[in-house]
Amino acid sequence: MDDIARELGISKKTIYQYYKDKDEIVCIIAREHMDKEQEILDEIQSGAQDPIDELVQISILIRKTFHTMNPSLLFELKRYHPNAMKIFSDYMDQCVLSSVKENIEKGKKLGLYRPEVDTEIISKLRVQEAELAFNIDVFPTNQFNLWDIQVQFFDHYLYGIVSESGYKLVKKYFEKLNNGTNEKAA
């Protein structure tokens, strides 16, 4: 709160005229962040050429986001701001889960994903993986980098669901990324 007051050039007392407490501010920030994330995901979904392109674009977003994120963020939210953590959890359980399910179903219909993939199970697994990466008991920050964990989880997920034709398309997209010819990766 001291940092916020100093940055705004006002007193903490003035901040509390507008906000009940620190938790309210954290909840507002969490909600705004989740809304912005949803807008970005909606843009990716509507502009993607196919379900694999959608996942590749989301992968780029994830890699950028997690490269700079503090791994203790979710731990601190759980411990000090449970209301803000609920906002994050609700977003993951509702918005992200339905998005993953839609992507899997589209990919299966197009033959890009294996038909035997159980949409319900795999989509829940994918959402839980995102949160698992933040678990410092499983992935201590002195041994693991959050960015590396997310990249490994994503690659494991993607290569686990694609069909043979989907695999070829994944390779094509990643070759474009590695060659720098995909302007969306920049």
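The values are calculated or read from the model by the stated rules, or taken from the named source; none is laboratory data. Given the structure is predicted, the values throughout are model-derived calculations rather than measurements. Positions of Cβ are backbone-derived with ideal geometry, glycine not excepted, and every protein chain shown enters the neighbour counts.
Some notes on this structure:
- Meets criteria (at pLDDT below 90, touching a helix residue (DSSP H, G or I) at 6+ places or on another chain (Cβ under 7 Å), among the basic types (K, R) and outside any loop (DSSP other than H, G, I, E, B)) for K184: yes
- Pairing residues of region 8-20 that are farther than 21 Å from H81 by Cβ and loosely packed, with under 11 Cβ neighbours inside 10 Å with residues that are of a type in the set (V, I, T) and modelled with pLDDT under 90, at Cβ distances under 9 Å and at least 6 apart in sequence or on separate chains, gives no pairs at all.
- Being in contact (Cβ under 8 Å) with a residue 12 or more places away in the chain, hydroxyl-bearing (S, T, Y) and closer than 28 Å to K78 by Cβ is a property that holds for T141.
- Taking region 158-180 as the range and being hydroxyl-bearing (S, T, Y) and within 15 Å of E105 (Cα to Cα) as the test, only S163 passes.
- Test result for K176, over 25 Å from D93 (Cα atoms), of a type in the set (K, R) and loosely packed, with under 12 Cβ neighbours inside 10 Å: no
- Inspection of region 95-109 finds no residue satisfying the criterion of being in a helix (DSSP H, G or I), closer than 29 Å to S163 by Cα, among the hydroxyl-bearing types (S, T, Y) and modelled with pLDDT under 90.
- Flag if S123 is free of Cβ contacts under 8 Å to residues at least 60 places away in the same chain, touching a Leu at 6+ places or on another chain (Cβ under 7 Å) and farther than 23 Å from C95 by Cα: no
- Scanning region 57-90 for residues that are charged (D, E, K, R) and without any contact (Cβ under 8 Å) to a residue 24 or more places away in the chain, we see that the one that is nearest to M34 (Cα to Cα) is D90.
- Leading residue by the ranking (surrounded by the fewest Cβ atoms within 10 Å (Cβ to Cβ)) among those in region 116-141 that are among the charged types (D, E, K, R) and part of a helix (DSSP H, G or I): E120
- The residues of region 41-67 that are exposed (fewer than 14 other Cβ atoms within 10 Å of the Cβ), within 13 Å of the chain's Cα centre (by Cα) and of a type outside the set (D, E, K, R) amount to a single one, H67.
- Residues that are among the polar types (S, T, N, Q), under 14 Å from L132 (Cα atoms) and in a helix (DSSP H, G or I) within region 142-168 comprise Q150, Q152, listed in sequence order.
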